[in-house]
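As structure tokens, the structure follows; a few thoughts come after it.
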Amino acid sequence: MPAKRQGSTPTTPKARRERRRVIRLEPVPAGRMKVVFVLLCAGLLGLVGRMAWLQIVQASELEARARVVQTQRTKPLGSRRPIVDRNGRLVALDEERYRLWAHPRYFNFPGDEPTLIRDRQEVAARLSPVLALSSGELNKRMGDRASGIKLAEGVDPETATTVRSFGISGIDLEPYPYRVYPQGSLFANVVGFLNQERQPQAGLEQSRDDDLQRHEQSRSLRRGADGTPLPDNLAPGVFFGDDLRLQLTLDARLQELAAKALSAQVKTWKAKKGVAIVMDVTNGELMALASTPTYDANRYWDFNPERFREWSVQDLYEPGSTFKPINLALALQEGVIQPNETVYDSGALKIGGWPIRNHDRKGNGVVDFATVLQVSSNVGMVQAMRKMRPSNYWDWLSRLGLDAKPDTDLPGAVAGQLKTKEQFTTQPIEPATAAFGQGFSLTPLKLVQLHALIANGGRLVSPHITRGLRAGHALAPSGERMGQPLLRPEVTRTVLNWMESVVEKGSGKGVRTPGYRIGGKTGTAQKAVNGVYIPGALICSFVATLPIEDPRYVVLVVVDEPQGEHAYGSTVALPVAKSIIDGLLVIEKIPPSGPVKSAQTDTPPP
């Protein structure tokens with residue numbers, strides 16, 4: 001019998017039985033299998049039912065909710081179209097500005113824990129250098145409110161980009177359009193301005209408000225999960241913008257020259273106000289319309305609201321001697337005087353018991369009509385116009401539109417004032433005073449229109465300052481020759497020759513320019529308010545037409561109530577017209593009428 005090995009463990013029958021024990025699988029009861037099968041089927045049916053409910057019953061609602069999340073809808077900002085001068089220089093435009101809003105309860109810097117709320121002082125210190133506001137001022141504006149605090153308005157795009165780059169949570173930038181006038185006060189008298197609520201308050205901004213409103217529409221743009229725009233469902237031209245702009249007939253260069261010369265002269269003579277107008281007589285386009293005092297449209301709140309009116313089209317005055325060429329043209333048209341005819345100027349006469357005198361109270365004897373204009377004879381004008389029947393005279397003044405609102409696009413234009421036909425025909429003093437430009441009133445704009453009538457051969461053109469809406473940077477050509485014919489061309493040619501003699505021999509000598517033929521007429525009229533003449537108050541004016549051989553431009557300067565001795569049209573208004581004409585010749589490249597000779601230095605009479 002073999003020996004037992006040391007260290008071995010004896011194996012017992014019980015141990016061997018435990019090692020060999022196997023768990024036998026028992027069949028699942030049929031009842032339990034049925035329960036499990038029923039539960040699985042019920043779950044599957046429920047899932048199918050839910051899918052059917054979502055895809056059939058709630059499909060449209062869920063699609064709409066998804067579109068809201070996926071679609072970005074842009075809202076119109078209410079921007080306006082730009083305004084440009086005749087050469088395309090910007091006069092008014094909309095710039096994008098921003099309002100800066102703060103929500104302190106969400107203040108958080110990039111990299112901070114989401115739950116960390118930064119102190120207001122920390123945010124103020126970060127924004128202060130960019131906004132050019134002290135930290136203390138920003139803290140004061142934030143106060144203790146938790147949200148919805150407006151920190152700044154009028155933030156420019158560059159500053160907004162810097163603020164946005166900080167990535168500060170709780171700081172929002174709200175874009176909005178802001179009207180800017182790059183030329184400052186240069187065109188304020190005709191363009192006007194928008195107030196803080198973007199409501200037009202004056203000028204073209206108000207009269208052409210509908211034309212200046214951009215045609216903007218809301219746009220819906222679908223985006224993917226990462227924000228990338230999706231090209232589907234976009235109509236052709238959806239991103240095409242309204243690039244129309246309103247073009248003026250005014251020339252910024254000539255406007256600036258006229259404004260500077262006028263302002264200097266008004267200041268020198270301590271006058272109340274003044275206006276300078278340059279018109280193209282062929283089509284009625286105004287190339288300059290400068291008035292003073294004016295205002296800066298970018299800071300309109302700093303100025304008296306009285307300055308927002310353009311008085312050259314809204315205020316009436318008696319034109320005085322500058323109307324004498326118009327009267328002579330009417331007499332020639334009616335045939336009651338002839339070009340080579342003369343009248344006797346005694347220096348004074350009485351009409352209906354009222355004395356009428358020349359400005360210097362001197363007589364000039366027998367004079368032709370060129371001399372009547374040269375010496376600005378009131379008596380000579382009365383002698384000429386009394387040859388026309390008062391009823392015919394009144395009819396002509398009415399036909400010229402003195403008592404009607406002018407056909408113009410200038411906002412606020414008013415009609416002149418003319419005595420009734422009964423008064424004019426039954427009171428002899430009325431046609432007599434009208435002969436030398438008093439007893440009725442009109443606007444400077446109307447006087448320019450009437451002198452354009454003389455310059456262009458007898459056509460009454462409509463003065464205007466806009467050419468219309470143009471696309472992009474395209475500029476419109478000059479308007480066509482048009483206008484209602486009222487006078488015979490030979491009549492207007494005769495009057496122009498008489499006006500040229502005023503510049504060559506009379507009170508308009510100061511406007512002479514070597515090589516150029518210029519016609520003109522000075523005016524120094526008493527100022528009337530509500531039909532009553534104000535003692536010592538004068539309105540000085542000068543009107544010029546050039547070049548005489550082929551008239552193209554009329555220049556009018558009117559200065560209201562200049563102070564001091566020797567205030568006449570030749571001393572107050574003429575120097576301004578001379579500066580404007582010198583600039584006009586250069587800007588429009590007008591060739592000389594003949595060989596250039598040295599300018600004479602004799603001093604013109606007042």
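Quick note: the coordinates plus some simple rules give every number you see, no bench work behind them. Just so we're clear, the structure is a prediction, and the values are computed from it rather than from any experiment. A quick note on method: Cβ atoms are made from the backbone with ideal geometry, for glycine too, and the neighbour counts reach across all protein chains shown.
Overview of results
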item: Exposure proxy ranking, count of Cβ atoms within 10 Å, fewest first, for 135, 579; result: 135, 579
item: Neighbourhood net charge (15 Å Cβ-Cβ; Lys/Arg +1, Asp/Glu -1) for residue 90; result: +1
item: Whole-angstrom gap from the range 155-194 to the range 413-465, using each part's C-alpha centre; result: 47 Å
item: From phi via Karplus (6.51, -1.76, 1.60), per-residue ³J(HN,Hα) for the range 550-567 in Hz, x at Gly/Pro; result: 8, x, 10, 10, 10, 10, 10, 10, 10, 10, 9, 6, x, 9, x, 6, 6, 8
item: Whole-Å semi-axes of the ellipsoid equivalent to the range 261-313 (Cα gyration tensor, √5λ, descending); result: 22, 16, 9
item: Cut-off of 10 Å, at most 11 other beta carbons, DSSP loop: longest stretch of the chain lacking such trypsin sites (Lys or Arg not before Pro); result: 25-269
item: Rg over Rh, two decimals, the range 95-180 (C-alpha only, Kirkwood Rh); result: 0.96
item: Karplus-derived 3J(HN,Hα), 6.51/-1.76/1.60, for each residue of the range 524-532, Hz, glycine and proline x; result: 9, 10, 5, 9, 10, 10, 6, x, 10
item: Fewest-first ranking of 207, 60, using other Cβ atoms within 10 Å as the exposure measure; result: 60, 207
item: Longest DSSP-loop-exposure-free segment, chymotrypsin sites (Phe, Trp or Tyr not before Pro), the chain, at most 13 other Cβ within 10 Å; result: 241-606
item: Alpha carbon convex hull of the chain, volume per residue in cubic angstrom; result: 337 Å³
item: Amide proton proximity set for residue 244, modelled H, under 5 Å, gap of 5+; result: 472
item: Where GluC sites (Glu not before Pro) in DSSP loops with at most 13 other Cβ within 10 Å are excluded, longest remaining stretch of the chain; result: 1-196
item: Rounded to 5, percent antiparallel among DSSP beta bridges of the chain; result: 95 percent
item: Summed residue charge, Cβ within 12 Å of residue 346's Cβ, Lys/Arg positive, Asp/Glu negative; result: +3
item: About the Cα centre, charge dipole magnitude for the range 95-180 (Lys/Arg +1, Asp/Glu -1 at Cβ), debye; result: 240 debye
item: Label-reachable residues, the range 178-219, where backbone N falls under 14 Å from a point 7 Å from residue 309's Cα toward its Cβ; result: 203
item: Under the span-like rule (Cα at least 18 Å along the axis, Kyte-Doolittle mean at least 1.6), DSSP H helices of the chain; result: 574-587
item: Quotient of C-alpha Rg and 2.2 N^0.38 Å, computed over the range 248-380; result: 1.43
item: Mean residue ellipticity (222 nm) of the chain, computed from DSSP H runs ≥ 4 via -39,500 (n - 2.57), nearest 500; result: -9500 deg cm²/dmol
item: Kirkwood hydrodynamic radius of the range 117-165, from inverse mean 1/r over distinct Cα pairs, in Å; result: 11.3 Å
item: Using a Förster distance of 22 Å, the FRET efficiency for residue 133-residue 180 (Cβ separation, nearest 0.05); result: 0.50
item: Ranked 287, 482, 499, criterion: other C-beta atoms within 10 Å, fewest first; result: 482, 287, 499
